[in-house]
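Below: one structure, written as structure tokens.
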Amino acid sequence: MTRSERIAALHAAARERILILDGSWGVMFQRMGLEEADYRGDRFTEAAYPGQMKGNNDILCLTRPERVTELHDAYFAAGADISETNTFSATMIAQDDYRLDADSVRAINLEGAKLARAAADAWTAKTPDKPRFAAGSIGPLNKMLSMSSNVNDPGHRAVTFDEVYEAYRMQVQALNEGGVHLYLIETITDTLNCKACIKAIMDLEEEGMEKLPIWISGTITDRSGRTLSGQTVEAFWNSVRHAKPFAIGFNCALGADLMRPHIASLSRIADTLVAAYPNAGLPNEMGQYDETPGQTSGAVSGWAKDGIVNILGGCCGTTPEHIAAIAKATERLKPRDPAPTSHDMRLAGLEPFVLAS
């Protein structure tokens, strides 16, 4: 099956059933008990790359690729339709914390995409009636365009729009070349960073790169119902809807109970698929997640029964057991019907504004 055929199968599957995304990667790598040597391998010597490398999970695409494949397989075996590349922080800006060079960052994305695509292809061959898909994970940066990093200078920015654009452009090119079926711009705290990524994708497509579906997933950071850069749910949607995304949704920061009202709000207005992958509850005093697979699946399956979601998965603290429980709880439930497309002008700063035609 070619990539274009697989993308057509993705759209077809989304019309037929609720799709399942994989779960957390960080918690699973922690369970493996990996050491500094696992992260460094032979390529990243301490002499060339000083400082601790342990914790840079993306680099495992190069140093322990079999461990990455192991997680793809675990989530596909649990019932996931879509598994993300292990490239959440694989940009020049984020990887600067580890002093990685451009060739290494590109290699992480390229190999991460190849690993995810190979696993998806292998599982599709096993179960042709349930094709699997590789999503190119494009995570947030550790620097924001919308907010100052200096409390004494509100106008200060640690990066420029052009720098963010170029960082995402490199990542997108490598993910596409490696064979992913769609992009997942996720855990968005700053919408302007996200828009730089969208522009990078659109510019590359205009230059001839193969067009792939875009899934955009923001983050509501607390009970205020806003992103970290201050936008409401509807304002966030208005800011990115020009990309005509395959799916829009939220992930991380909140457990299912606190995330539900924001997903419901998005479901009422979005004329595309709505996706959600909450944490396994909120972290305890030790930073661990206590919510069981039954608790998580019980909460999100309620969203499916109420017809407000098309894609479900798990974020921090979730495991293959959580994903298996979600897949089983939703396997016979009908996916949400997208909201009707509105032709009113919709604008957004921190708040939404609609100018009726």
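Structure notes:
- S83 crowded, with 20+ Cβ neighbours inside 10 Å, in contact with a helix residue (DSSP H, G or I) (Cβ under 9 Å, 6 or more places away or on another chain) and either of a type outside the set (G, A, S) or part of a loop (DSSP other than H, G, I, E, B) (or both): no
- Scanning segment 244-278 for residues being more than 23 Å from H181 (Cα to Cα) and touching a His at 6+ places or on another chain (Cβ under 9 Å) gives a total of 1.
- Residues being open to solvent by less than 10 Å² (accessible area, probe 1.4 Å) and either in contact with a strand residue (DSSP E or B) (Cβ under 6 Å, 6 or more places away or on another chain) or among the aromatic types (F, W, Y) (or both) - total across segment 313-322: 2
- Of all residues in segment 43-80, those satisfying the criterion of being without any contact (Cβ under 8 Å) to a residue 40 or more places away in the chain, surrounded by fewer than 15 Cβ atoms within 10 Å (Cβ to Cβ) and not charged (D, E, K, R) are T45, A47, A48, Q52, G55.
- Selection status of A167, touching a residue at least 12 places away in the same chain (Cβ under 8 Å), more than 28 Å from I20 (Cα to Cα) and either out of contact with any strand residue (DSSP E or B) (no Cβ under 9 Å at 6 or more places or on another chain) or crowded, with 24+ Cβ neighbours inside 10 Å (or both): yes
- Checking the stated criteria, I220 turns out not to satisfy the condition of being over 23 Å from C316 (Cα atoms), open to solvent by less than 60 Å² (accessible area, probe 1.4 Å) and under 17 Å from the mean Cα position of the chain (by Cα).
- Segment 248-272: number of residues that are within 22 Å of G317 (Cβ to Cβ), crowded, with 24+ Cβ neighbours inside 10 Å and either under 13 Å from the mean Cα position of the chain (by Cα) or hydroxyl-bearing (S, T, Y) (or both): 3
- In segment 1-54, the residues that are assigned to a helix (DSSP H, G or I), at pLDDT 95 or above and either touching a Ser or Thr at 6+ places or on another chain (Cβ under 8 Å) or over 25 Å from G313 (Cα atoms) (or both): R6, M28, E36, A37, D38, Y39, R40
- Subset of segment 273-306 [within 21 Å of P140 (Cβ to Cβ), of a type in the set (S, T, Y) and open to solvent by 10 Å² or more (accessible area, probe 1.4 Å)]: Y289
- If you go through segment 335-350 and keep only what is at pLDDT below 90 and under 24 Å from the mean Cα position of the chain (by Cα), you end up with A348, G349, L350.
The values are calculated or read from the model by the stated rules, or taken from the named source; none is laboratory data. A quick note: this is a predicted structure, and the numbers were derived from the prediction, not measured. Cβ sites come from the backbone with ideal geometry, for glycine too, and all protein chains shown count toward neighbours. When the accessible area is computed, the model is the full protein with side chains, heavy atoms only, and any ligands, DNA or RNA have been set aside. Shrake-Rupley method; radii C 1.70, N 1.55, O 1.52, S 1.80 Å.
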